[in-house]
Structure formats: structure tokens, C-alpha cells
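Comments concern the structure below.
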Amino acid sequence: MNNESERYFTVSDANGKTIEYEILFTFDSDETKKSYIVFTDNNKDKDGSIITYAATYDKDGEKLELRDIETEKEWNLIETILSQIEEKTSGE
């Protein structure tokens, strides 16, 4: 993600509607040997929090192809990182 255009990607849903997502951050896990992407469409949930999504991806691939998170362990890893970021940013 070296330039502004690389911070966004679009997908088409089942109805053909195009949705733009903003990449919040990416990271690699030595533990799972996978690359992860956390992103948002900047919509908010009923509590007013921005909804975020996560997936795995091949960072060396030519095209961004997202894959589902497969295990509870992976979700726990992502949630831990999100919590750490939230704590750090709320303290600033």
C-alpha cells in the first residue's frame, strides 16, 4: 500500500452492486503463515461503531483475492490486533 489508490478496492455483490472498501491494515502471521487484510466499507453498526471485515489473501498475487478466515484461532489473532490498535488510538 504505497499510494492512495492502493488503500481501496471494489467488489460486486450478488445483485451486481459495486461496493468500495477501504483497507485499514494488513499483516502477516508467523504462527499461521498467512497474510491478513482488515477492511471496511465505512458503514456503522447500530451502536455507531464502524463495521470491519477481515480475510486472508495472497500478498504476492497479481490480483487481490480474499479468502475466508478458517479457524477460531485466526479470529482471536485478528481481534487481539484490533483491540491493541483501538487501545493505542484511543490513548492518543
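A few notes on this one:
- Qualifying positions in the range 36-73 - aromatic (Phe, Trp, Tyr), open to solvent by less than 50 Å² (accessible area, probe 1.4 Å) and closer than 16 Å to GLU20 by Cβ: PHE39
- Sub-6 Å Cβ pairs linking a first residue in the range 65-77 that is under 12 Å from ILE37 (Cα atoms) to a second residue that is part of a loop (DSSP other than H, G, I, E, B) and open to solvent by 100 Å² or more (accessible area, probe 1.4 Å), at least 6 apart or interchain, number zero.
The values are calculated or read from the model by the stated rules, or taken from the named source; none is laboratory data. Just so you know, these numbers come straight off a predicted model, no measurement behind them. Please note: Cβ atoms are built from the backbone with ideal geometry, for glycine as well, and neighbour counts cover all protein chains shown. What goes into the accessible areas is simple: the full protein's heavy atoms, side chains included, and nothing from ligands, DNA or RNA. Shrake-Rupley method; radii C 1.70, N 1.55, O 1.52, S 1.80 Å.
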